[in-house]
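Take a look at the structure set out below.
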Amino acid sequence: MQTALVIGNWKMNGTLAEARPLATAIRDGLKRPRGVEVVLCPPFTALAAVSEIVKDSAIRLGAQNCHFEASGAHTGEVSPPMLAELGCRYVLLGHSERRRECGETDELINHKVKAAVAHGLTFVLCVGETGEERRQGLTFPTIEGQLRAGLAGVPVESIVKGVIAYEPVWAIGTGVNATSAQAAEVHGYIRGLLSELTSKETAHAIPILYGGSVKADNVEELVAAPEIDGALVGGASLNAAGFIALAKKAGRAGATSRGD
Ligand code: PEP
């Protein structure tokens, strides 16, 4: 990894009245971000407005979900070409909130990953164990199952263009982040699985982000840890000053861990 990747997931936050000033402040605060690529994932309703604000800037746009078909009778859904048309480069898939609240299965998520690839979007495949799975010693089998199923049938040349986000469910929105040692252990495990699915050389190029209560205060320690290439940030991406500080620190920490 050459550059840290920081993705802000606004979740179901951001009316246009809120999204416009937030995106503008982040864009203006990160004009020439060093060592970090920053992506904003607003809700669907704010994508067009945020796209207009960040165009010609260093900030990239992403969506929080997509359907696996390009068009058709799927009421309430949004397709990959619709996202691409709005300027989205990234799409989050398999977020634990969608797995839990919308019943998304690994099989459905796999269809979405393939659709994202087919339409030129970079997928960000989210995987992570619940607190109960961790207590039962099921962290690695859970991650392995989600990763293998999510990437099943995806060609190697497409896997290497994607992003994986390790998001322990127990750390999302709880204020309790995984320690850098806990995260690095799972990231190392994911890197090993990606080596099996692609090759040792190419697996190193796939960003593996950590997500779960990342803030400006803890991002440096996390991103400086082995195999952690950036962060997927929920709550802390809704405050412009905090998110700008977080992204700058991630850029510095990534550079330090790479020995630049
Ligand atoms: C997320 O939604 O992906 C996330 C990591 O949320 P938070 O940063 O709020 O824990």
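The values are calculated or read from the model by the stated rules, or taken from the named source; none is laboratory data. This one's a predicted model, so the numbers in the text were calculated from it and none came from an experiment. Cβ placement follows ideal geometry from the backbone for every residue including glycine, while neighbour counts extend to all protein chains displayed. Remember, those area values only see protein heavy atoms, side chains included, never the ligands or the DNA or RNA. Shrake-Rupley method; radii C 1.70, N 1.55, O 1.52, S 1.80 Å.
Summed over the range 1-29, the residues that are outside any helix (DSSP H, G or I), over 30 Å from residue 255 (Cα atoms) and open to solvent by 70 Å² or more (accessible area, probe 1.4 Å) give a count of 2.
Of the set (1) open to solvent by 30 Å² or more (accessible area, probe 1.4 Å); (2) in a helix (DSSP H, G or I), all apply to residue 73 but (2). Does residue 165 meet the test of being open to solvent by 60 Å² or more (accessible area, probe 1.4 Å) and either under 19 Å from residue 207 (Cβ atoms) or away from the ligand (no atom under 16 Å from the Cβ) (or both)? No: the conditions fail for residue 165. Does residue 203 qualify as being surrounded by 19 or more Cβ atoms within 10 Å (Cβ to Cβ), at pLDDT 95 or above and within 11 Å of the ligand (Cβ to nearest atom)? Answer is no for this residue.
When the range 50-72 is filtered for residues that are touching a Ser or Thr at 6+ places or on another chain (Cβ under 8 Å) and without any contact (Cβ under 8 Å) to a residue 24 or more places away in the chain, only 71 remains.
Taken together, 153, 175 contain a single residue that is within 15 Å of the ligand (Cβ to nearest atom) and open to solvent by 30 Å² or more (accessible area, probe 1.4 Å), which is 175. Across the range 207-253, the number of residues qualifying as hydroxyl-bearing (Ser, Thr, Tyr), outside any loop (DSSP other than H, G, I, E, B) and either under 20 Å from residue 187 (Cα atoms) or modelled with pLDDT under 95 (or both) comes to 1. Sub-7 Å Cβ pairs linking a first residue in the range 215-244 that is over 22 Å from residue 202 (Cα atoms) and open to solvent by 50 Å² or more (accessible area, probe 1.4 Å) to a second residue that is within 11 Å of the ligand (Cβ to nearest atom) and of a type outside the set (Ser, Thr, Tyr), at least 6 apart or interchain, are 215/236; 215/246; 235/173; 238/10; 238/13, ordered by first then second residue.
When residue 89 is tested against (1) within 21 Å of residue 208 (Cα to Cα); (2) surrounded by fewer than 17 Cβ atoms within 10 Å (Cβ to Cβ); (3) in contact (Cβ under 8 Å) with a residue 60 or more places away in the chain, just one condition goes unmet, and that condition is (3). Restricting attention to the range 209-228, the residues that are away from the ligand (no atom under 11 Å from the Cβ) and more than 17 Å from residue 40 (Cα to Cα) add up to 10.
Return yes when residue 37 is open to solvent by 20 Å² or more (accessible area, probe 1.4 Å), closer than 27 Å to residue 223 by Cβ, charged (D, E, K, R) and part of a helix (DSSP H, G or I) and no when it is not. Criteria not met by residue 37.
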